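Report on the structure given below.
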Amino acid sequence: MKFNPEQYNIKDEPMQPFIDPEEIWSFLRNAVPDKERVRAIIAKSLAKNRLSLEEVSVLLSAEDQELIEEIKQGAKTLKEKVYGNRIVLFAPLYVGNKCSNNCTYCGFRASNKDAVRKTLNDEELIHEIEALEDSGQKRLILVYGEHAQYNPEYIAHTVRLAYSVRKGNGEIRRVNINAAPLDVEGFRTVHEAGIGTYQVFQETYHPEAYKTYHLRGKKADFNYRLTSLDRAQEAGLDDVGIGVLFGLYDWKYEVMGLVRHTNHLEACYNVGPHTISFPRIKDASMLDFGHKYFVSDEDFARLIAILRLAVPYTGMILTAREPAQLRDEIMQYGVSQIDGGTKIEIGSYTNTLNHEQNLNKGQFRINDERSLNEIVDELLEKGMLPSFCTSCYRMGRTGEHFMEFSVPGFIKKFCTPNAILTLAEYLMDYAADETRQRGWEVIGDNLKTLEHEKIYSALLDRLEKVKQGERDLYF
């Protein structure tokens, strides 16, 4: 069932600000998390129904450890129902770190005089992409500082360049973007380059807190950033990603902000975000603003579970900011996408810059430095299904059409076969011997779970074609 804005009296207007801090705090102050109510809300989500702000506030207010565990187990069950055991893999590629903003939490900030500014030229970008293809990556997110040089035409150019790079069986089949908010024409220009998702993170949904962290530059305008993805929708770019940086303000408020943003997009455009991201400041006490809003590992797992229950259809991204052990633990509570083999320094996939330079170029600290093959191998060992699938974009399952497939739970029907095919490609072309053996065992186990006879038969046929050298087969 889709979210019905009228049911919850949401009367948002396109292109207009929608965050009211008092409204959010009112929900949180008045929430009554008794056991029957919490369990009823979990049951509603398990039926693949979207939750209202009031219902999310009840889950956030539950402090009884028994209820918290039930919330986490509910999220785990929902993830299995909607997404199966698959985990989508991608890599970030930092194109340039010039920035005109001065965000106190970011290594790219304009006031950071120690940062060595660098933008990859075309040749360097091609080499970075070739290195990623050599490791088996098929999905990239291109990341840019917020600077005039990284205008829509430049972003579109780098996207087309990324798609053009071929090395052996390697190719990039989907390019997502994390860059500055654009105007409508700018979003249209980038959209025409064939991108997947355009991410804009609000960082914090509290306007006053936002002011304290964003000291100059266009990013200092809270409402311009807040309505950025409205402009993307107006431009026809219906595949967008939202997120906050946990640690800037109260985490319960921020979860409510993410859900409120989801409600707004659904109310105005009949389509919610394709992904929700939740990067967390790990070493908050080392930053100027202290650790008042530091999010513990326990609360981090809890908020991920609540977000999964709140928005069943949306992909959730857990980044390599988090250490490997924690990522492995909390992945079960709702995460559907992770990055692997991540390097965030400019030019670091090909080591074109020396180590001392690289230390000054990171936007934040990476805490999971495993290679892509190590992550794939460990996922397989846990019986999970690594996926490099990009078929929804080739089949037009984006935006509202994607919601039609994912909200009722059809996503598992399409994604499991496609995940199997992309994993088979990885095993044939890039995997270590031990990983390859384990991967085919996991594929065999997953084939047994397919219920649709025609899909099963077609999948077996395509797997044989992959073994014979064909690539990019999908449903």
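Every number here is computed from the coordinates shown, using simple stated rules; none is lab data. From a predicted model like this one, the values you see are computed outputs, not experimental measurements. Ideal geometry is used to build each Cβ from the backbone, glycine not excepted, and the neighbour counts take in all protein chains shown.
Length gained on full extension, Glu66 to Glu36: 9.6 nm, using 0.36 nm per residue less the C-alpha separation.
Among residues other than Leu182 with Cβ under 10 Å from its Cβ, the summed charge is 0 (Lys and Arg +1, Asp and Glu -1). In straight Cα distance, which aspartates and glutamates are under 17 Å from Lys343, not counting same-chain residues fewer than 8 positions off? In chain and number order, the partners are Glu124, Glu128, Glu130, Glu133, Asp134, Glu322, Glu356, Asp368, Glu369, Glu374.
Shape analysis of the stretch 79-391 yields a ratio of the Cα radius of gyration to the Kirkwood radius, Rg/Rh, of 0.93.
Taking every Cα-Cα distance in the stretch 409-467 and sorting them into 5 Å bins from zero, the calculated P(r) comes out as 4, 19, 31, 25, 14, 6, 2 percent. On the beta carbon distance between Ser135 and Asp114, with R0 = 35 Å, the FRET formula returns roughly 0.70. Of the cross-linked pairs Lys138/Lys382; Lys44/Lys413; Lys44/Lys72; Lys98/Lys282, those separated by over 19 Å at the C-alpha level are Lys138/Lys382; Lys44/Lys413; Lys98/Lys282.
If contacts are Cα pairs under 8 angstrom and at least 6 residues apart, what is the relative contact order of the stretch 21-172 in percent? Answer for the stretch 21-172 is 20 percent.
Can you pick out the pairs among Lys81/Lys292; Lys48/Lys465; Lys11/Lys48; Lys79/Lys211 whose Cα atoms lie more than 29 Å from each other? If you can, show how the numbers build up before the last one.
Numbers: Lys81/Lys292 37 Å; Lys48/Lys465 36 Å; Lys11/Lys48 23 Å; Lys79/Lys211 36 Å.
The answer is Lys81/Lys292; Lys48/Lys465; Lys79/Lys211.
The antiparallel fraction among DSSP beta bridges confined to the stretch 79-391 stands at about 10%. Highest-first packing order for the peptide set 105-113, 12-20, 274-282 is 274-282, 105-113, 12-20, based on the mean count of other beta carbon atoms within 10 Å. Summary: within the chain, the longest segment free of GluC sites (Glu not before Pro) located in DSSP loops with at most 10 other C-beta atoms within 10 Å is 64-450.
Summing Lys, Arg as +1 and Asp, Glu as -1, what charge do residues with Cβ under 15 Å from the Cβ of Asp445 carry, Asp445 excluded? Once positives and negatives cancel, what remains is 0.
Between the stretch 205-226 and the stretch 409-449, the alpha-carbon centres lie 43 Å apart.
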